[in-house]
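Please read the structure below before turning to the comments.
The values are calculated or read from the model by the stated rules, or taken from the named source; none is laboratory data. In this text the structure is predicted, and so the values were computed from the model without any measurement. Here the Cβ positions follow ideal geometry from the backbone for every residue, glycine too, while neighbour counts run over all protein chains shown.
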């Protein structure tokens, strides 16, 4: 089964708006066993939209468009597709009533132009919009010797996403059921590079690849994702065997799967063990705590975050000794250890992590170039440690990578792993 997605919107091509539909729709469809063959983005012009839809209908069993269903002059998708398919646009009284109700409930005046959204191509099924005024549309259309399905969704993500889950996806599963099992699992690693991951697992997986397993790698800031995909008879078994081999070969580096974030895992581990955390940040400026507090329930585990950017703050709030700063400098293994010790002792936490480094672009020396960073970790049972890293990136990437290294060091300490 071939599925194609057409995202319309000049603002997407100008880079003014992030195209979140691209990732969101592909993920929801692939989770249900549908594989996307092609995805394109076109501007809000008649020629581009018409050409994209015509081409997609020649190839695909299912074509999904996003955007162009609103009330403004650049919302052309509905009219263009009706014209392309030779179908009249007729007012749908139910949709018109829903549009009027939308404005009445909000005590807002209704612009006359909004009722254009109630125009529906003959034979189309209306997909209810629970949070906006532009309905989605679905129809079966001639495409060569067969018929394809065309689904049109509104552009705003807060409207598209509930509409797709509540109405479009159930319709797709009914009229175009998946004929072949597809199994896809993603495993997330940290502390190991993309090339090293492949070097360690590629050869042991060769027999599964010959049987139809697809292996993919995706490097991101401080992480590498490993994706196993298989379809047809024995798909689930192939992916399970691949997972077992992955854990046997690089299991210490695997921190989660699918959408799990490292901070999710850390909070879960601490919560399960009824343990607590304190953080002392310098060069990361609070980013570690920001990531931790994005996890629901983090308040059970996180006691405090002390952003001690200056030497005076390190001394005052964490008890870093003046002699240590004078002898080793603020960016040093010794200061990272004392920061972690101070954070743990002052809060009574089970664990404390610290960061101190040179984010740049200035401030580096020959001995400590820009990108030098030390991460400290202290706990009740084990001696305090500090680890040196070199992250020669722009400031934002430097902070993200350093926060990742600190959380990974903490995960390993909690689990009793080396590193």
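Of the residues that sit in segment 84-97 and are within 14 Å of residue 137 (Cβ to Cβ) and assigned to a helix (DSSP H, G or I), which one is nearest to the chain's Cα centre (by Cα)?
The residue in question is 95.
Which of the following residues is outside any strand (DSSP E or B), more than 18 Å from the chain's Cα centre (by Cα) and surrounded by fewer than 18 Cβ atoms within 10 Å (Cβ to Cβ): 28, 38, 16? Please lay out each step first, then the result.
Values: 28 fails: more than 18 Å from the chain's Cα centre (by Cα); 38 fails: outside any strand (DSSP E or B).
Exactly one residue qualifies, and that residue is 16.
Among the numbered criteria (1) closer than 16 Å to residue 46 by Cβ; (2) surrounded by fewer than 17 Cβ atoms within 10 Å (Cβ to Cβ), which single criterion is violated by residue 97?
(1)
Can you say whether residue 219 is modelled with pLDDT under 95 and in a helix (DSSP H, G or I), as far as the supplied structure shows?
Working: modelled with pLDDT under 95: yes; in a helix (DSSP H, G or I): no.
The answer is no for residue 219.
For segment 170-191, give me each residue that is in contact (Cβ under 8 Å) with a residue 60 or more places away in the chain and either more than 20 Å from the chain's Cα centre (by Cα) or part of a helix (DSSP H, G or I) (or both).
So the first thing to find is which residues in segment 170-191 are in contact (Cβ under 8 Å) with a residue 60 or more places away in the chain, and the list is 172-173, 176, 178-182, 184-191.
Correct list: 172, 173, 176, 178, 179, 180, 181, 182.
Somewhere in segment 345-365, is a residue within 35 Å of the chain's Cα centre (by Cα), in contact (Cβ under 8 Å) with a residue 40 or more places away in the chain, surrounded by fewer than 21 Cβ atoms within 10 Å (Cβ to Cβ) and part of a helix (DSSP H, G or I)?
Within segment 345-365, one or more residues are within 35 Å of the chain's Cα centre (by Cα), in contact (Cβ under 8 Å) with a residue 40 or more places away in the chain, surrounded by fewer than 21 Cβ atoms within 10 Å (Cβ to Cβ) and part of a helix (DSSP H, G or I).
So if I check each of 256, 319, 297, 286, which one is closer than 30 Å to residue 367 by Cβ and in contact with a helix residue (DSSP H, G or I) (Cβ under 8 Å, 6 or more places away or on another chain)?
319
Does any residue in segment 155-169 that is free of Cβ contacts under 8 Å to residues at least 40 places away in the same chain come within less than 8 Å, Cβ to Cβ, of a residue that is surrounded by fewer than 18 Cβ atoms within 10 Å (Cβ to Cβ) and outside any helix (DSSP H, G or I) six or more places away or on a different chain, and which pairs are these?
Hits for this filter: 158/131; 159/131; 162/130; 162/131; 163/128; 163/130; 166/128; 166/130.
From 81, 64, which residue is surrounded by 15 or more Cβ atoms within 10 Å (Cβ to Cβ) and either on the phi > 0 side of the Ramachandran plot or part of a strand (DSSP E or B) (or both)? Show your work before the answer.
Working: 81 fails: either on the phi > 0 side of the Ramachandran plot or part of a strand (DSSP E or B) (or both).
Testing whether each residue is surrounded by 15 or more Cβ atoms within 10 Å (Cβ to Cβ) and either on the phi > 0 side of the Ramachandran plot or part of a strand (DSSP E or B) (or both) leaves just 64.
Any idea which of (1) modelled with pLDDT under 95; (2) more than 20 Å from residue 81 (Cα to Cα); (3) not in a loop (DSSP other than H, G, I, E, B) is the one residue 161 doesn't satisfy?
(1)
Please work out which one of (1) under 30 Å from residue 203 (Cβ atoms); (2) modelled with pLDDT of 95 or more is the condition residue 258 fails and give its number.
(2)
For segment 192-208, does any single residue satisfy the condition of being out of contact with any helix residue (DSSP H, G or I) (no Cβ under 9 Å at 6 or more places or on another chain) and assigned to a loop (DSSP other than H, G, I, E, B)?
yes
Quick one: count up the residues across segment 107-121 that are touching a helix residue (DSSP H, G or I) at 6+ places or on another chain (Cβ under 8 Å), touching a residue at least 24 places away in the same chain (Cβ under 8 Å) and not in a helix (DSSP H, G or I).
Qualifying residue count for the region: 3.
Are any residues in segment 217-252 in contact (Cβ under 8 Å) with a residue 40 or more places away in the chain and farther than 23 Å from residue 182 by Cβ, and if so, which ones?
Result: 221, 222, 223, 249, 250, 252.
Confirm whether residue 377 is crowded, with 16+ Cβ neighbours inside 10 Å and part of a helix (DSSP H, G or I).
Working: crowded, with 16+ Cβ neighbours inside 10 Å: yes; part of a helix (DSSP H, G or I): no.
No: the conditions fail for residue 377.
Listed residues 70, 33, 47; which is at pLDDT below 95 and assigned to a helix (DSSP H, G or I)?
Working: 70 fails: assigned to a helix (DSSP H, G or I); 33 fails: assigned to a helix (DSSP H, G or I).
Unique residue meeting the criteria: 47.
Going through segment 219-238 one residue at a time, which ones are within 21 Å of residue 265 (Cβ to Cβ) and either in contact with a helix residue (DSSP H, G or I) (Cβ under 8 Å, 6 or more places away or on another chain) or surrounded by 13 or more Cβ atoms within 10 Å (Cβ to Cβ) (or both)? Before you say what the answer is, go through the steps one by one.
Taking segment 219-238 and keeping what is within 21 Å of residue 265 (Cβ to Cβ), we get 219-228.
Across segment 219-238, the qualifying residues are 219, 221, 222, 223, 224, 225, 226, 227, 228.
Does residue 147 fit the bill of being modelled with pLDDT under 95 and either out of contact with any strand residue (DSSP E or B) (no Cβ under 6 Å at 6 or more places or on another chain) or not in a loop (DSSP other than H, G, I, E, B) (or both)?
Details: modelled with pLDDT under 95: yes; either out of contact with any strand residue (DSSP E or B) (no Cβ under 6 Å at 6 or more places or on another chain) or not in a loop (DSSP other than H, G, I, E, B) (or both): yes.
Yes.
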